[in-house]
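Chemist: First the structure, which I've put down as structure tokens, then a few questions once you've had a look.
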Amino acid sequence: MARGHQKIQSQAKTAEKQAKIKKQQGHSDQDQKKAAQKALLYVCAICKSQMPDPKTYKQHFENKHPKSPLPEELNKI
């Protein structure tokens, strides 16, 4: 069992290894959430639900809000 200065050096070396391994694994959860959020471009005017493309937005609107008139941006599709 290491004591004193050797213990501190060992902990630093282990921390470096762990950081290197974590970096090699790829993106963190936070990075993935940011990327996913950027992909959600369309926001439903009624329920504020987010969709990635206009086709999905139109399907959502037709299924979830059938009595409401379609927004102008969806009438073109």
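The values are calculated or read from the model by the stated rules, or taken from the named source; none is laboratory data. Because the structure is predicted, anything quoted here is derived from the model rather than measured. Using ideal geometry, Cβ is built from the backbone for each residue, glycine included, and neighbour counts are taken over all protein chains shown. To get the accessible areas, we keep the full protein, side chains included, count just its heavy atoms, and leave off ligands, DNA and RNA. Shrake-Rupley method; radii C 1.70, N 1.55, O 1.52, S 1.80 Å.
Chemist: I'm trying to understand the selection: among the residues of region 17-41, which are under 15 Å from the mean Cα position of the chain (by Cα) and not aliphatic (A, V, I, L, M)?
Modeler: Of everything in region 17-41, those that are under 15 Å from the mean Cα position of the chain (by Cα) and not aliphatic (A, V, I, L, M) turn out to be G26, H27, S28, D29, Q30, D31, Q32, K33, K34, Q37, K38.
Chemist: Looking at I77 and the list (1) surrounded by 10 or more Cβ atoms within 10 Å (Cβ to Cβ); (2) in a helix (DSSP H, G or I), which single condition is not satisfied?
Modeler: Checking I77 against (1) surrounded by 10 or more Cβ atoms within 10 Å (Cβ to Cβ); (2) in a helix (DSSP H, G or I), the one that fails is (2).
Chemist: From the set of residues in region 1-37 that are open to solvent by 70 Å² or more (accessible area, probe 1.4 Å) and not in a helix (DSSP H, G or I), which is modelled with the highest pLDDT?
Modeler: R3
Chemist: Can you report the number of residues in region 49-60 which are surrounded by 14 or more Cβ atoms within 10 Å (Cβ to Cβ) and touching a helix residue (DSSP H, G or I) at 6+ places or on another chain (Cβ under 6 Å)?
Modeler: 2
Chemist: If you check I46 against the conditions, is it at pLDDT below 85 and either among the β-branched types (V, I, T) or surrounded by 11 or more Cβ atoms within 10 Å (Cβ to Cβ) (or both)?
Modeler: no
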